[in-house]
Amino acid sequence: EDRNLLEADGSVMDGDRYAAKQVGVLAVVGRPNVGKSTLVNRILGRRAAVVEDTPGVTRDRVGYDAEWSGHDFRLVDTGGWESDVEGIESAIASQAQVAVSLADAVVLVVDGQVGMTASDENIVRMLRASGKPTLLAVNKVDDSTGEYMAAEFWKLGMGEPYAISAMHGRGIGELLDASMDCLASAKKTSGFLTPTGLRRVALVGRPNVGKSSLLNQLAHEERSVVNDLAGTTRDPVDEVVDVDGEDWLFVDTAGIKRRLHKVSGADYYSSLRTQAAIERSELVLVLFDTSQPISDQDLKVMSQAVDAGRAIVLIFNKWDLLDSFGRQRLERLWETEFDRVTWAQRVNLSAKTGWHTNRLADAMRSALESWDQRIPTGKLNAFLGKIQAAHPHPLRGGKQPRILFATQASNRPPRFVIFATGFLEHGYRRFIERSLREEFGFEGTPVQISVNIRE
Ligand code: GDP
Ligand code: GDP
């Protein structure tokens, strides 16, 4: 936590410039155990160390930054789910669906040692219906004597099978060369890189909190929930929605409308989609159903948005269902469960009746304004000097930890780097954050502070 956030040259790239550098988004799909994770780690190479897998928690990162011979691209890993034998086909279908909606090109991985299976053929059908350019990688071809195994897969009709060994690194260069060509010629439809000038908004919350209803209410039209997989894969992932006279890009509305019922791993997929939507957004609208108890899952979604450093607005929906007793219960919860986000704006509304939905736009604009905000270094240091003089850090071992200098390393969200002599206690950092918020606003955005110790 005490790392300096500044790059070596003192700059920090912002999200837009960063996205502009990337050539596209490549997804890796395939049935379980064919070697997708091994391939992803192989492609990420030494960066794989960045893949922070917490034991007991499903991988909830979706995209990784990768690089191949001078091309930066985004690698989408849709593995990580538990498959039971019964639900396996629908799970594979959901996986392909998620991958296709997020990517510009797809690598389908099959197992050369096992040979062609019915599941492989099903995935091929879906990928073909999606129209996304797809490469076929036949994995576990560990040495040249196994090359013949790949030939069998010509039958899938996906063009030349690339014989690879993710484990030993064979054939990976050729596969990546072809993938880069594929990305270069692919139509860029991936939501990760949607090149619009519009602010990107994610609408998140657990099932049934009212996401579709709110979307309908804002767009003033009835939308149909489309179930047919083959027919919907070409749907735009994102939608432009006018809120209070301004156009916003709502990311992954396809994911909101498309329900994954009774699918093995459905929870995993909805959390994968949620994470992807958060990653792609600038502003996250976190919905809660106030007619139900606030659950751990509700709070987890909110934390995902905060941890990702996005601007947020909290929406307490279904207000029309609350009686005065319910309102009291909710205010108590607000005091206890939401103390992590006391800086966020909360809008009580009813997606169903439209009550107070007109209050949303102001909250959205103000959260993004905070998220974008930059405090000039002079002003920042003058202010910190003043609060430090009034409230110095407590003495530690007879010494006085002092702030020497601070700078805002970046915005979106605001990140501050403080240079200090000695360790600044957690409590003192909280005090600084509170003071910065009181002085400069930052309503609706997380603020990140790191301390760099100069002895
Ligand atoms: P995933 O479920 O598709 O992500 O598959 P994993 O990457 O977890 O791999 C499944 C199993 O296949 C693991 O035991 C891997 O060690 C093994 N595996 C992956 N790649 C290769 C390979 O190139 N050759 C061989 N022989 N085994 C592999
Ligand atoms: P999603 O799964 O988050 O997209 O939730 P939906 O928009 O499908 O809503 C789930 C259910 O809650 C539906 O029956 C909606 O009609 C209902 N609902 C959504 N918003 C409200 C609201 O503000 N008030 C009431 N009374 N019902 C709502």
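Taking the beta-carbon count within 10 Å as an exposure proxy, list 36, 155 from fewest neighbours to most.
Details: 36 25, 155 10.
Sorted ascending by nearby Cβ count, the order is 155, 36.
Test of understanding: what is the full-extension gain from residue 390 to residue 333, defined as 0.36 nm times their sequence separation minus their Cα-Cα distance? Kindly include the intermediate steps, with their values, before the conclusion.
Working: separation 57, 0.36 × 57 = 20.52 nm, distance 3.42 nm.
Length gained, residue 390 through residue 333: 17.1 nm.
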### Task
Starting from the Cα-Cα distance between residue 381 and residue 219, subtract it from 0.36 nm times their residue separation and give me the gain in nm to one decimal.
53.8 nm
#### Entry: Antiparallel DSSP beta bridges within the range 349-455, percent to nearest 5
55 percent
### Query
Net charge near residue 238, counting Lys/Arg +1 and Asp/Glu -1 over other residues with Cβ under 9 Å of its Cβ?
0
### Summary
Neighbour-count ranking for 162, 148 (other C-beta within 10 angstrom, fewest to most) reads 148, 162
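Once you sort the root eigenvalues of the Cα gyration tensor of the range 326-372 as a ≥ b ≥ c, which label holds: rounded (a/c under 1.5), prolate (a/b larger than b/c) or oblate (the other case)? Kindly include the intermediate steps, with their values, before the conclusion.
Numbers: a/c = 4.01, a/b = 1.12, b/c = 3.57.
Verdict is oblate for the range 326-372.
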### Task
Please order 295, 410, 213 by the number of other Cβ within 10 Å, starting at the fewest.
295, 213, 410
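Read the figures in this text as sums done on the coordinates, not as results from a lab. Just so it is clear, the model here is predicted, and its values are computed rather than measured. All Cβ positions, even for glycine, are placed from backbone atoms using ideal geometry, and neighbour counts span all protein chains on display.
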